[in-house]
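These notes concern the structure reproduced below.
The values are calculated or read from the model by the stated rules, or taken from the named source; none is laboratory data. The shown structure was predicted, so the numbers you read here are calculated from the model rather than taken from an experiment. Backbone-built Cβ (ideal geometry, glycine too); neighbour counts: all protein chains shown. Surface areas here come from the heavy atoms of the whole protein model, side chains and all, with no ligands, DNA or RNA. Shrake-Rupley method; radii C 1.70, N 1.55, O 1.52, S 1.80 Å.
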Amino acid sequence: MSDPFDIVIFGGAGDLTHRKLLPALYRTVAEGKLPAGSRLIACCRNPADVADYYERADEALREHLSEGEYRADCAEQFQQHLQPFELNITEANHCWQAMAELLDSEADRVRVYYLAIPPTLFGECCHHLHTFKLINRNSRVVVEKPLGYNASSANAINEEIARYFPESSIYRIDHYLGKETVQNLMALRFTNVIFEHLWDAKSIDHVQISISETVGLEGRAGFYNEAGALRDMVQNHLLQLLCLVAMESPHKMKASSIRAEKVKVLEALRPLRGEDVLRNTVRGQYVAGNHNGKLVPGYLEELGEAGSNTETFVALRAHIDNWRWARVPFYLRTGKRMKQRCAEIVIQYKEVSHRVYPKEAGPLTPNRLIIRLQPEESIQLTMMAKDLDTLDMRLQPATLNLNFSDTYKRFKSDAYKRLILDAVAANPSLFIHRDEVGHAWAWIDPIIEAWQKTDEAPHLYRSGTWGPPESDELLAEDGSAWFNAGEHA
């Protein structure tokens with residue numbers, strides 16, 4: 001077990017803290033990974049939030065922990081570490097000095113400052129940390145997405161943080177990188193020779209990376225209407241997953257080596273500009289529809305406006321111009337109010353080069369590797385096999401399934417828990433370096449610019465579906481189709 005440490009959450013009364021951070025930190029207590037004496041300091045702007053913080057924190061745990069995971073004794077132990085603290089980030093007053101005195105009582109500890117606040121406040125918060133001498137050699141800062149709205153704003157935010165923290169102390173979080181299945185993706189690739197020899201353009205037909213959500217705006221209307229799905233999901237989550245699928249093997253599994261290989265992938269992404277954007281992208285916006293037997297409103301109804309061209313769905317066809325992936329399309333897709341909540345990577349292999357069985361044996365389904373990140377975490381490999389229910393030579397697809405919750409009975413995946421503990425341990429391998437942010441925006445910005453220059457509105461799609469038909473046509477042009485969650489052969 002490590003030495004005691006302090007975690008200071010700015011935005012301690014916010015939605016992210018209640019939905020993700022408090023349950024993650026509770027699990028560190030439940031699993032015996034929070035050293036005795038460690039402090040979890042939740043900064044709240046309003047005195048009322050401080051007054052009833054323990055009650056609201058307990059409600060958040062009961063609501064957001066998995067069924068059967070909440071235990072009263074563990075919750076009581078967790079609250080012994082938890083300290084609400086009144087502090088208004090935008091005011092340089094006595095509260096900051098009180099924070100300094102609190103932390104200086106254990107001055108040699110690791111301090112993790114988690115900025116669960118809007119990026120517009122990152123610079124001001126870091127400035128006050130510096131002014132009140134709250135930053136020492138054991139300090140790290142964790143920043144949440146979205147990091148800017150384009151390359152210039154992202155660079156400005158990074159510059160502000162860099163005035164006070166060295167790059168080695170800045171941890172840009174993408175919770176998808178903390179999922180166990182993502183780690184297993186790298187283990188699958190780099191520890192199994194059978195996959196490494198089948199992980200290139202000679203064997204793979206195409207790759208699909210999809211993140212679908214069933215929810216709508218969820219109180220994020222103001223932010224989302226300015227950002228849209230491309231900025232909110234593709235620039236970070238989807239491009240990070242693409243990098244992990246496509247990158248070369250790092251020299252060692254350490255942060256600098258992994259980062260170097262991911263940057264090479266981003267540099268090799270074929271630019272999409274002008275007419276190329278219109279040919280290779282589809283943007284959509286949901287309208288009212290049926291989800292699980294319930295009528296849900298459309299985007300404009302939720303937004304409360306008569307019109308908006310903000311996309312709630314994006315599908316992209318991307319290419320990586322290097323030796324390994326030449327002519328292999330990567331299809332990226334994300335959307336809100338989709339039919340199912342799912343995040344998965346599909347590696348679609350090519351057909352066999354020569355058919356040796358007669359047509360009467362049945363159609364041949366090309367091999368397919370499915371790496372699912374949510375709602376459950378699993379890896380599936382579809383292969384052709386003989387139908388054992390008949391003496392005739394009949395072929396059918398068979399799926400080898402590694403479902404972590406079935407295989408590992410005590411398995412409880414929590415990406416935030418893992419990433420928070422990695423930040424405490426000064427392990428940046430699963431975090432995003434500034435260079436990656438810059439390269440990702442350099443690819444995304446021209447797409448946004450091309451969309452802004454066209455008068456074409458987003459394609460409409462019904463809530464509870466898989467998006468606009470035009471996204472299916474994007475793949476149909478190449479003789480392919482989306483593999484939708486729960487509908488795999």
| said: Please count how many residues of region 203-241 are touching a Pro at 6+ places or on another chain (Cβ under 8 Å) and at pLDDT 95 or above. | reply: 3
| message | Quick check on region 419-439: of everything there that is in a loop (DSSP other than H, G, I, E, B) and of a type in the set (A, V, I, L, M, F, W, C), which residue is nearest to MET253 (Cα to Cα)? | response | LEU430
| Among the residues of region 235-268, which ones are open to solvent by 60 Å² or more (accessible area, probe 1.4 Å) and among the acidic types (Asp, Glu)? | GLU248, GLU267
| Is it the case that GLY219 is touching a residue at least 12 places away in the same chain (Cβ under 8 Å), surrounded by fewer than 19 Cβ atoms within 10 Å (Cβ to Cβ) and closer than 29 Å to ILE9 by Cα? | yes
| query | Restricting attention to region 419-474, which residues are within 19 Å of the chain's Cα centre (by Cα) and closer than 30 Å to PRO35 by Cβ? | reply | LEU419, ILE420, LEU421, ASP422, ALA423, ASN427, PRO428, SER429, LEU430, PHE431, ILE432, HIS433
| note | Log entry, pairs with first residue in region 88-104 being under 25 Å from GLY37 (Cα atoms), second being assigned to a helix (DSSP H, G or I), beta carbons closer than 7 Å, six or more apart or on different chains, reads TRP96/HIS128
| message | What's the number of the only condition in (1) touching a helix residue (DSSP H, G or I) at 6+ places or on another chain (Cβ under 8 Å); (2) at pLDDT below 95 that THR120 fails to meet? | response | (1)
| remark: When region 384-406 is checked residue by residue, the ones that are surrounded by fewer than 14 Cβ atoms within 10 Å (Cβ to Cβ) and of a type in the set (A, V, I, L, M, F, W, C) are ALA385, LEU388, LEU391, MET393, LEU400
| field | Lone unmet requirement of (1) within 19 Å of ARG372 (Cβ to Cβ); (2) surrounded by 18 or more Cβ atoms within 10 Å (Cβ to Cβ) for THR214 | value | (2)
| request: Could you check how many residues of region 457-472 are touching a residue at least 24 places away in the same chain (Cβ under 8 Å) and either among the small types (Gly, Ala, Ser) or open to solvent by 20 Å² or more (accessible area, probe 1.4 Å) (or both)? | output: 11
